[in-house]
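Visitor: Right, I'll just put the structure down here and ask away after.
The values are calculated or read from the model by the stated rules, or taken from the named source; none is laboratory data. The structure displayed is predicted, hence computed values, not measured ones. We place every Cβ from the backbone using ideal geometry, glycine too, and count neighbours over all the protein chains shown. With ligands, DNA and RNA removed, areas are computed over all heavy atoms of the protein, side chains included. Shrake-Rupley method; radii C 1.70, N 1.55, O 1.52, S 1.80 Å.
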Amino acid sequence: MSDTRLDLDLTRSAEWFERAKRVLPGGVSSPVRAFGAVGGVPPVIREARGAHTTDVDGNTYLDFVGSWGPLILGHAHPDVVRAITEAAARGTTYGAPTPGEVQLAERLTGMLPHLEQVRFVSSGTEATMSAIRLARGATRRELLVKFAGCYHGHADHLLVAAGSGLVTFGKPSSAGVPAAFTEKTLVLDLDDEAQLERVFAERGHEIAAVIVEPIPANNGLLVQRPEWHARLRELTAQHGAVLIFDEVINGFRVAAGGAAELLGITPDLATYGKIIGGGLPVGAFGGRADLMGELAPLGGVYQAGTLSGNPVAMAAGLATLDVLEREDAWTRLEALGARLQERLTPLLAAAAEPVELVRVGSIFWLSLQAGPAPRRADAIAATAAERYRGLFHGLLQRGLSIAPSAYEVGFLSLAHEPAHVDTLVDALGELLA
Ligand SMILES: *Cc1c(COP(=O)(O)O)cnc(C)c1O
């Protein structure tokens, strides 16, 4: 896969993308896939296996996108494909209780000490939306605190930009979201204990929940200081606010127990998605049994889903967790990540312009600016996007696929071999020199 192809032929991809634009807004089913931030035609993918994707022109890419997080085993892992095939042959959905959801719930609660009960949904967005409703219902409070630079899916009250000044309510960051819908969402900065303390002192009794990506990985990789995490846990506990860890990207990725394990912090509720669906649409939220008991049919907080706990998706999730545990995944992924870091760091030090590798286990991100890695969204230099574009296309031409945005992270998977990591290092070394 070290072939350097500076004449990438995307003729068929371009044809498909033209067709797509006629019937799909922007040609895509999710916006960032359109390559808006990097320009050019997105390769239209025909198939994928292991660490590689292949487009409709027959170009093969060494893939570090991993479908944006779910594919910790790589593409089309035989165990997952078998589990899906066998489950599908028994029927794809029943709208009734099924063993698979019980087994996956037992697995999750067994692996995650903070999860006493869990409910399955079909996406990460649904998981966070429902966990917030539950927290509000259980506390009988309305205020939600989130942090700038954390992504929690696209529910109305989460599409919020920080207002001007402290303790102003958030304003919608998307057209189509009424200001009234975001009035109960406070947007704070990461990495700022003093701000947290002030907000809790003033409004702690009104705060239903604080939602946070424990290791924020949707706006660069904004690793937080342990002191900040500890203070957040303390303040939420003191004021009776529900601490929600949004582990949709961190969960089963940074450790078997996700960020909660890595940071040694017990959230009240946590949300999952991506990896637990093994590449099929799954989300989950869960936590303290007293809170989960407020959910319908037991309690007054309504939440439902036609395809929730879908038997095929449950089978894919179970097969994925089986492989992760059997293959000591987190040790292997850390070793791959360490190799990337060790080999890349000297090349970055010699690069023509400043660049820093930020890494947590198998998640990596290039911070394209001078100085220490940013810890909050507004610390990312605006010039990063421009520099990223060249890097992105340089890699694509060399047959390497990373996310088409400077703000998105890369993922290593169990399908990556040390030689694949070296290929990435060599290509980055060449492009950054
Ligand atoms: C991906 C993601 C979501 C949204 O999940 P979808 O399945 O895309 O709806 C929410 N929170 C975090 C932290 C995510 O990474």
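Visitor: Could you tell me whether any residue of the stretch 320-334 is touching a Gly at 6+ places or on another chain (Cβ under 7 Å) and within 16 Å of the ligand (Cβ to nearest atom)?
Guide: yes
Visitor: If you don't mind, there's one more thing I want to ask. Only residues that are open to solvent by 40 Å² or more (accessible area, probe 1.4 Å), more than 11 Å from the ligand (Cβ to nearest atom) and touching a residue at least 60 places away in the same chain (Cβ under 8 Å): list them for the stretch 105-134, please.
Guide: Answer for the stretch 105-134, where residues must be open to solvent by 40 Å² or more (accessible area, probe 1.4 Å), more than 11 Å from the ligand (Cβ to nearest atom) and touching a residue at least 60 places away in the same chain (Cβ under 8 Å): 107, 109, 113, 116, 117, 119, 133.
Visitor: Counting only residues that are of a type in the set (Gly, Ala, Ser) and under 16 Å from residue 393 (Cα atoms), which one in the stretch 15-58 is surrounded by the fewest Cβ atoms within 10 Å (Cβ to Cβ)? Talk me through it step by step, then tell me what you get.
Guide: So the first thing to find is which residues in the stretch 15-58 are of a type in the set (Gly, Ala, Ser), and the list is 20, 26-27, 29-30, 34, 36-37, 39-40, 48, 50-51, 58.
Still in the running and under 16 Å from residue 393 (Cα atoms): 34, 36-37, 39-40.
On the way: 34: 20, 36: 13, 37: 17, 39: 10, 40: 15.
Here the answer is 39.
Visitor: Let me ask something additional. Enumerate the pairs (first residue in the stretch 321-341 and of a type in the set (Asp, Glu); second residue anywhere and surrounded by 19 or more Cβ atoms within 10 Å (Cβ to Cβ)) with beta-carbon separation below 8 Å, excluding pairs fewer than 6 apart on the same chain, so at least 6 apart or on different chains.
Guide: Between residues of the stretch 321-341 that are of a type in the set (Asp, Glu) and residues that are surrounded by 19 or more Cβ atoms within 10 Å (Cβ to Cβ), the close pairs are 327/414; 334/361; 334/362.
Visitor: Something else about it: Which members of the stretch 401-422 meet the condition of being surrounded by fewer than 20 Cβ atoms within 10 Å (Cβ to Cβ) and not in a loop (DSSP other than H, G, I, E, B)?
Guide: If the condition is that a residue be surrounded by fewer than 20 Cβ atoms within 10 Å (Cβ to Cβ) and not in a loop (DSSP other than H, G, I, E, B), then 418, 419, 422 are the ones that fit.
Visitor: Do we find that residue 349 is out of contact with any Leu (no Cβ under 7 Å at 6 or more places or on another chain), closer than 17 Å to residue 221 by Cβ and free of Cβ contacts under 8 Å to residues at least 24 places away in the same chain in this structure?
Guide: Values: out of contact with any Leu (no Cβ under 7 Å at 6 or more places or on another chain): yes; closer than 17 Å to residue 221 by Cβ: no; free of Cβ contacts under 8 Å to residues at least 24 places away in the same chain: yes.
The answer is no for residue 349.
Visitor: Since residue 376 meets every condition but one in (1) surrounded by 18 or more Cβ atoms within 10 Å (Cβ to Cβ); (2) over 21 Å from residue 263 (Cβ atoms); (3) not small (Gly, Ala, Ser), which condition does it not meet?
Guide: In the conditions (1) surrounded by 18 or more Cβ atoms within 10 Å (Cβ to Cβ); (2) over 21 Å from residue 263 (Cβ atoms); (3) not small (Gly, Ala, Ser), residue 376 misses (2) alone.
Visitor: Which of the numbered conditions does residue 213 fail, given that it passes all the others? Conditions: (1) touching a Pro at 6+ places or on another chain (Cβ under 9 Å); (2) within 15 Å of the ligand (Cβ to nearest atom); (3) in contact (Cβ under 8 Å) with a residue 60 or more places away in the chain.
Guide: Result: residue 213 passes all but (1).
Visitor: Continuing with the same structure: Take the conditions touching a Phe, Trp or Tyr at 6+ places or on another chain (Cβ under 9 Å), in the same structural domain as residue 306 (by TED's automatic domain parsing) and surrounded by fewer than 21 Cβ atoms within 10 Å (Cβ to Cβ) and apply them to residue 89. Does it pass? Outline the logic, then answer.
Guide: Details: touching a Phe, Trp or Tyr at 6+ places or on another chain (Cβ under 9 Å): no; in the same structural domain as residue 306 (by TED's automatic domain parsing): yes; surrounded by fewer than 21 Cβ atoms within 10 Å (Cβ to Cβ): yes.
No; evaluated as a whole, the condition is false for this residue.
Visitor: Answer yes or no: is there a residue in the stretch 42-58 that is touching a residue at least 60 places away in the same chain (Cβ under 8 Å), in the same structural domain as residue 396 (by TED's automatic domain parsing) and farther than 15 Å from residue 402 by Cα.
Guide: Yes, some residue in the stretch 42-58 is touching a residue at least 60 places away in the same chain (Cβ under 8 Å), in the same structural domain as residue 396 (by TED's automatic domain parsing) and farther than 15 Å from residue 402 by Cα.
Residue by residue, here is whether (1) modelled with pLDDT of 90 or more; (2) basic (Lys, Arg); (3) more than 15 Å from the ligand (Cβ to nearest atom) holds:
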residue: 147; (1), (2), (3): yes, no, no
residue: 156; (1), (2), (3): yes, no, no
residue: 162; (1), (2), (3): no, no, yes
residue: 169; (1), (2), (3): no, no, yes
residue: 177; (1), (2), (3): yes, no, yes
residue: 183; (1), (2), (3): yes, no, yes
residue: 191; (1), (2), (3): yes, no, yes
residue: 197; (1), (2), (3): yes, no, yes
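Visitor: Still on this structure, I have one more. Out of curiosity, is residue 392 modelled with pLDDT of 95 or more, farther than 20 Å from residue 351 by Cβ and surrounded by 18 or more Cβ atoms within 10 Å (Cβ to Cβ)? I'd like the intermediate steps shown before the answer.
Guide: Working: modelled with pLDDT of 95 or more: yes; farther than 20 Å from residue 351 by Cβ: no; surrounded by 18 or more Cβ atoms within 10 Å (Cβ to Cβ): yes.
So residue 392 fails the test.
Visitor: Could you run through the stretch 214-247 and say how many residues are outside any strand (DSSP E or B), over 12 Å from residue 149 (Cβ atoms) and within 18 Å of the chain's Cα centre (by Cα)? Please lay out each step first, then the result.
Guide: Start the filter on the stretch 214-247 by keeping residues that are outside any strand (DSSP E or B), which leaves 214-241, 247.
Now restrict to residues that are over 12 Å from residue 149 (Cβ atoms): 214, 225-241, 247.
Now restrict to residues that are within 18 Å of the chain's Cα centre (by Cα): 214, 247.
Going through the stretch 214-247 one residue at a time, the tally reaches 2.
Visitor: Take residue 152 and decide whether it is at pLDDT 95 or above, within 16 Å of the ligand (Cβ to nearest atom), in a loop (DSSP other than H, G, I, E, B) and buried (at least 19 other Cβ atoms within 10 Å of the Cβ). Lay out the reasoning, then the answer.
Guide: On the way: at pLDDT 95 or above: yes; within 16 Å of the ligand (Cβ to nearest atom): yes; in a loop (DSSP other than H, G, I, E, B): yes; buried (at least 19 other Cβ atoms within 10 Å of the Cβ): yes.
The answer is yes for residue 152.
Visitor: Sort through 203, 198 and tell me the only one that's more than 27 Å from residue 405 (Cα to Cα), touching a residue at least 60 places away in the same chain (Cβ under 8 Å) and surrounded by fewer than 18 Cβ atoms within 10 Å (Cβ to Cβ). Write out each step before concluding.
Guide: Details: 198 fails: touching a residue at least 60 places away in the same chain (Cβ under 8 Å).
Checking each option against the conditions leaves just 203.
Visitor: Being in contact with a helix residue (DSSP H, G or I) (Cβ under 8 Å, 6 or more places away or on another chain) and of a type in the set (A, V, I, L, M) is the filter; apply it to the stretch 270-290 and report the residue that is nearest to the ligand (Cβ to nearest atom).
Guide: Top of the filtered list is 282.
Visitor: A further question on this structure: Looking at residue 170, is it touching a helix residue (DSSP H, G or I) at 6+ places or on another chain (Cβ under 8 Å), without any contact (Cβ under 8 Å) to a residue 60 or more places away in the chain and not aromatic (Phe, Trp, Tyr)?
Guide: The answer is yes for residue 170.
Visitor: Another question about this same structure. In this structure, is residue 392 part of a helix (DSSP H, G or I), closer than 29 Å to residue 275 by Cα, among the aromatic types (Phe, Trp, Tyr) and not assigned by TED's automatic domain parsing to the domain that holds residue 150? Steps first, answer last, please.
Guide: Values: part of a helix (DSSP H, G or I): yes; closer than 29 Å to residue 275 by Cα: yes; among the aromatic types (Phe, Trp, Tyr): yes; not assigned by TED's automatic domain parsing to the domain that holds residue 150: yes.
So residue 392 passes the test.
Visitor: In the stretch 219-259, what residues are open to solvent by 10 Å² or more (accessible area, probe 1.4 Å) and either within 23 Å of residue 377 (Cβ to Cβ) or within 13 Å of the ligand (Cβ to nearest atom) (or both)? Spell out the reasoning first.
Guide: Initially, the stretch 219-259 is screened for residues open to solvent by 10 Å² or more (accessible area, probe 1.4 Å), giving 219, 223-227, 230-231, 233-234, 237-240, 248-249, 254, 256.
Scanning the stretch 219-259 gives 219, 223, 224, 225, 226, 227, 230, 231, 233, 248, 249, 254.
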